[in-house]
Amino acid sequence: MKTAVLYQSRGGNTRAVAEVIASSSGTIAKPYTEGLNEPVDRLFLGGGAYMVDADAGLKDFINSHLDTNKVKELVAFSTAGGQKAALTKIVELAKARGIKVNENTLLIRMLLKGHTMLGLKGGKLSNRQVETIKAFVAKL
Ligand SMILES: Cc1cc2nc3c(=O)[nH]c(=O)nc-3n(C[C@H](O)[C@H](O)[C@H](O)COP(=O)(O)O)c2cc1C
């Protein structure tokens, strides 16, 4: 199965999750701005939650730049302090483009880890979070 992993990340948390997903799927995680070069069976697409929403650039990418013909199925993931806002938005926008979205989604709660406004460094996952991500990919 051909898989791609694209992410949006300001502080590194979502990138760290994307990298675990990618290594578990035999591929490499890339920023969403790189887009898709070739058709994939499964696209993991993720981003962080900011002000109870997904990043504006990521939303624009899904709305206007993601080549829907290249995506057989999308799996949404997100990191957040605690809220599902970005995850819900990714699913909603992808569905609105007619993309088949897997009903399984992955939300990794970071609490205040990597909260850039508080000067906290992101991108460090606990062993438990890494195991959760690997198990999610394995179960799909
Ligand atoms: C400016 C800002 C706003 C945020 N707003 C929310 C929010 O509304 N809800 C939430 O659950 N987390 C919120 N967070 C926490 C982030 O979603 C969390 O740190 C996430 O892991 C960031 O992903 P990133 O490191 O990939 O950028 C916010 C963080 C920042 C820096």
Report the Cα-based extents of the chain along its three principal axes, largest first, to the nearest Å. 40, 29, 25
A chain fully extended from Asn102 to Thr116 at 0.36 nm per residue, minus the present Cα-Cα distance, gains in nm 2.0 nm
222 nm mean residue ellipticity, helices alone, for the chain (DSSP H n ≥ 4; -39,500 (n - 2.57); rounded to 500): -9000 deg cm²/dmol
Rank these for me by crowding, Lys70, Lys124, Lys139, going from fewest to most other beta carbons within 10 Å. Lys139, Lys124, Lys70
Explain nothing, just the number: dipole magnitude of the chain about its Cα centre with +1 on each Lys and Arg Cβ and -1 on each Asp and Glu Cβ, in debye rounded to the nearest 20. 340 debye
Which of Ser78, Ser64, Ser9, Ser24 comes first, and how do the rest follow, when ranked by fewest Cβ neighbours within 10 Å? Ser64, Ser24, Ser9, Ser78
Between Gly122, Gly26, Gly114, which gets the highest mean-square fluctuation from a Gaussian network model of the chain, Cα cutoff 10 Å? Gly26
Evaluate the charge dipole of the range 98-140 about its Cα centre and quote only its size in Debye, nearest 20, assuming +1 on the Cβ of each Lys and Arg and -1 on the Cβ of each Asp and Glu. 120 debye
Could you list Phe61, Phe77 so that the one with the fewest beta carbons within 10 Å of its beta carbon is first and the one with the most is last? Phe61, Phe77
In vacuo Debye scattering of the range 72-140, one point per C-alpha: log10 I(q)/I(0) at q = 0.14, 0.21, 0.24 Å⁻¹? -0.50, -0.94, -1.07
Please tell me which of these pairs span more than 31 angstrom C-alpha to C-alpha: Lys70/Lys113; Lys2/Lys124; Lys95/Lys121; Lys72/Lys121; Lys59/Lys139; Lys89/Lys124? Lys70/Lys113; Lys95/Lys121; Lys72/Lys121
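Rule-based calculations on the coordinates, nothing more; no lab input. Just so we're clear, the structure is a prediction, and the values are computed from it rather than from any experiment. So basically every Cβ, Gly included, is an ideal-geometry build from the backbone, and we count neighbours across all protein chains shown.
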